[in-house]
1. Which residue is surrounded by the most Cβ atoms within 10 Å (Cβ to Cβ), if the candidates are limited to segment B:13-26 and must be in a strand (DSSP E or B) and within 8 Å of chain A (Cβ to nearest Cβ)?
2. Within segment B:41-69, can you find the residues that are over 24 Å from B:S196 (Cα atoms), away from every other protein chain (no Cβ under 14 Å) and without any contact (Cβ under 8 Å) to a residue 60 or more places away in the chain?
3. Pick from A:V171, A:V153: which is at pLDDT 95 or above and surrounded by fewer than 19 Cβ atoms within 10 Å (Cβ to Cβ)?
4. Any chance you could count how many residues in segment B:347-404 are among the polar types (S, T, N, Q), surrounded by 21 or more Cβ atoms within 10 Å (Cβ to Cβ) and over 24 Å from the mean Cα position of the chain (by Cα)?
5. Taking the stated definitions as given, is B:T295 surrounded by fewer than 16 Cβ atoms within 10 Å (Cβ to Cβ), within 28 Å of B:K441 (Cβ to Cβ) and either within 14 Å of chain A (Cβ to nearest Cβ) or at pLDDT 95 or above (or both)?
6. Give me the helices (runs of 4 or more DSSP H) completely within segment A:192-239, filtered to those with at least 1 residues that are touching a helix residue (DSSP H, G or I) at 6+ places or on another chain (Cβ under 7 Å) and facing chain B (nearest Cβ under 9 Å), ordered by residue number.
7. Among the residues in segment A:293-302, are any at pLDDT 85 or above, part of a helix (DSSP H, G or I), over 17 Å from the mean Cα position of the chain (by Cα) and among the aromatic types (F, W, Y)?
8. Answer yes if at least one residue in segment B:185-193 is assigned by TED's automatic domain parsing to the domain that holds B:T44, in contact (Cβ under 8 Å) with a residue 40 or more places away in the chain and under 18 Å from B:G429 (Cβ atoms), and no otherwise.
Amino acid sequence: MNIKMVRFNSRVSYTLLSLVASFTVCGILLLIVGYNPLSVYGIVAEGSLGSSYSIMKSLAKATPLIFTGLSVFFADQAGLFNIGAEGQLLIGGITSGIFAYYFSTIGLPPFVSIILCLTLSFIAGAVWGFIPGFLKAYYGANEFIVSMMLNYVAQYLCEYLVTYPFRGPGVTAKTNEIPASYQLPRFVDVSQLNLGFVLGILAVVAVFLFFRYTVSGRRIRTMGRNNVAAVISGVNVRKETIIVFLISGGIAALAGSTEVLGVHGFYINDLSPGYGFDGIAVSVLAQGNSFGVLIASLLFGALRSGGSRLDLRSEVPSEFIIVLQAAVVVFIATPRLIDMLKIRRRGSSKKKEAIDG
Amino acid sequence: MEVLSANGISKNFGPLWANKNITFHVDEGEIVSLLGENGAGKTTLMNILYGLYQPTEGYIKIRGKERRIGSPREAIDLGISMVHQHFMLVDALTVTENIILGNEPRKGIFTDSSLALGKVSELSEKYGLGLDCNAEVGTLSVGEKQKVELLKALYNDCSVLILDEPTAVLTPLEVEAFFRILQRLRENGKGIILISHKLKETLTIADRIYIIRAGEIVAETTCQGASVESLAELMVGHALDSKIDRNETDDNETVLRFSEVSCREKGRNVIDGISLSVRRGRILGIAGVDGNGQTELSELALGVRKVSDGMIEYHGRDIRNTSVRSRILEGIGYVPEDRQKKGLVNAFTVEDNLILGYEDDARFSRHGIINWHSVDSYADSVISEYDIRCQNRDEKAGALSGGNQQKIVIGRVLEADPDVIIASQPTRGVDIGAVEYIHKKLIEMRNRGKAIMLVSADLDEIMKLSDEIAVIYDGRIVSCAANGKYTKTELGEFMTGAREGDE
């Protein structure tokens, strides 16, 4: 059999097994606490896939995760950790909130305004990403810590901006409402699903093509897999580190931008219930595959949308979904755990080492 | 008396037979060598003896009794110890601590350190290892670390010792010392299985030699009546054509010139005023013990390190401030000394690795977009041209044997048609077939007018290939002369700093 096939299959089967394992473990957890796991999963499934409305809701919930997941994934390909997607999202969100309203007041055509807002958000997120990238490249700072701490800076900065200078009318602190025509169009009125989802898919495709077909993409991946070999083969690691963080930050910002332009119509405190952090989980689940980001986002989006039903229809709090997501990440991140669960199939995995001699 | 024997051992992985009906034995006080190319099945066999794999067919006898070896632990309990090619030591611990790790003598709940120290130093003395048992392993040289590994095996009170390519990392002097220790072990009745592809060494030390090819033992011979040539033929399966004609040209223009180059790092000159000329149609050999500035010199030429003083010219042009990328594309080809760390991305496919560093080349991409169609056909042609043994171009490079990995690196560089080739330890850890092949290629490149700088710690290699030999010691060139002016011993003296000032 084609070697590529074998590897693809084993990776997919690992991931599927991890999912089954985490659902099982969480099911047992539910049993212990005294709930019927089948009925709980039933509610979640119905809430996420049961009707065309719930399917659209799942896709809508998946949209920001596609962007934040892709952002973390992008940095991960270079061997870098961007834990700052959450902050970059907020920065992108407030940029769109401010500018979309402003553009509507000066009468810019809606289409132009939307494009400009997306672009400006991307740039703002890129600037936010530049900070850890630059500090890493030139001062050896730990990008993990810097990008994470910048989340707090972003959070409080945005909170200030929306509470004072750009506060719109009303009791809650939010920016001025963006006129409907200046928002990302929705597919149907009743659902929050909007054009942002399509943009997310396009972004996934773009990232896939970038890594597959461009010289820069190759170099970034080389850097992620073997930094020393990358240097020897002529990769300017400093420059690429900064570029990666610019792009990664920009992509994460689009999550905020599409939420503001497509879902809320304004920027509000607590815009994100942790989409940036879920992006890390999405990236882990994606297993190094751009399209894996899409699939993982859809899964998490579905869980979130189905999970919100739990509060209405059962005694189980919707936070159970977070437990389930965490279990998925734990199982994915520890393949040995699956190895232990898996009945050892002789040969297939060890064959290669042996041929070496 | 026979201590260990393998009887009709076969092992398959799916349709692939890594070992076929292998039968051999080792006696007390005997050194048996298993000689074979990389990929011949030596490692699989050792892993079976060491309990990591179970044979598909056949059985192992220890002291005449059939035994099943289920794990390394069981192997050790049965008196089989193994010294791996890659050391498994903890740098922060002392020699003694490393050796007793996992097997500590106890006094109540505490480790009985004095007893341990006593036992370990007694062993060290007995076999003439001369180790300071209180030294931290991190401070030891490679040769000493190897002795620690050896001591670890002896501490387990083994009767059979398996050594996997033990001399790969040693200098010529260390090899000699190492062999004296092996002889001492032999006198003490240990059965030693030596896995190697180095013919000369095998002939020096082994009592009996088994030649293993494509998973089968193809010959058993004693050292008497065997020669390097005959063994090599048996190993590879056909006669080796080691004679390579050199042609001489008048056009020996300097392509790469170092003038008084120094490189300062951490307050110390790692390269100290080196002047060298790498010329067209010539091979300049740089001999030296590892760590005397060879890596730095090569990386200065490539641009990974910066020149602190002096000048590097390529085709008469100052290249001190050009990027690595531009130097690669302008024809400086580099074969790094450590292919695993510097030359390859193991997680990438063979194909990916074949364009590593050359992605920008017009052969593979235009305007930054890679044309996979042409890369595919290029990769296939290099794989067949350089006889890179892999399932296909999409196999991960990390899954290949050392020799085949090296062929990827060499093929990648040579196919780019560089003007100057910097080959650093190009045959280290590579089997004899590949060594011959790489040597031939280098000479061929020389004859085609390439300028070659060959950096190697292997004096045989240097003397076989070079037109000129420069010896590097402590960041300086201590001797530079035409090949043939100095004997191997004299070059060895230059290399260790025992002789100097003859430039």
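1. Here is the first cut: in segment B:13-26, the residues in a strand (DSSP E or B) are B:13, B:16-26.
In the following step, the residues that additionally are within 8 Å of chain A (Cβ to nearest Cβ) were identified as B:13, B:16, B:18.
On the way: B:F13: 20, B:L16: 12, B:A18: 28.
Per the criteria, the residue is B:A18.
2. First, the residues of segment B:41-69 that are over 24 Å from B:S196 (Cα atoms): B:56-57, B:63-68.
Next cut, away from every other protein chain (no Cβ under 14 Å) only: B:57, B:63-68.
Scanning segment B:41-69 gives B:E57, B:K65, B:E66, B:R67, B:R68.
3. Values: A:V171 fails: at pLDDT 95 or above.
A:V153 is the lone residue from the list that is at pLDDT 95 or above and surrounded by fewer than 19 Cβ atoms within 10 Å (Cβ to Cβ).
4. Count: 1.
5. Numbers: surrounded by fewer than 16 Cβ atoms within 10 Å (Cβ to Cβ): no; within 28 Å of B:K441 (Cβ to Cβ): yes; either within 14 Å of chain A (Cβ to nearest Cβ) or at pLDDT 95 or above (or both): yes.
No: the conditions fail for B:T295.
6. Values: elements: A:195-213, A:215-225, A:227-232.
Counting at least 1 such residues, we get A:215-225, A:227-232.
7. Within segment A:293-302, the subset at pLDDT 85 or above is A:293-302.
Checking which are part of a helix (DSSP H, G or I) leaves us with A:293-302.
Now drop any that are not over 17 Å from the mean Cα position of the chain (by Cα), which leaves none.
Within segment A:293-302, none of the residues are at pLDDT 85 or above, part of a helix (DSSP H, G or I), over 17 Å from the mean Cα position of the chain (by Cα) and among the aromatic types (F, W, Y).
8. Filtering segment B:185-193 for residues assigned by TED's automatic domain parsing to the domain that holds B:T44 gives B:185-193.
Among the residues that remain, those that are also in contact (Cβ under 8 Å) with a residue 40 or more places away in the chain are: B:185-193.
Cutting the leftovers down to under 18 Å from B:G429 (Cβ atoms) gives us none.
Among the residues of segment B:185-193, not one is assigned by TED's automatic domain parsing to the domain that holds B:T44, in contact (Cβ under 8 Å) with a residue 40 or more places away in the chain and under 18 Å from B:G429 (Cβ atoms), which makes the answer no.
The values are calculated or read from the model by the stated rules, or taken from the named source; none is laboratory data. Model, not experiment: these values are computed from the prediction. Because the Cβ atoms are built from the backbone with ideal geometry, glycine has one as well, and the counts that use them run over all protein chains shown.
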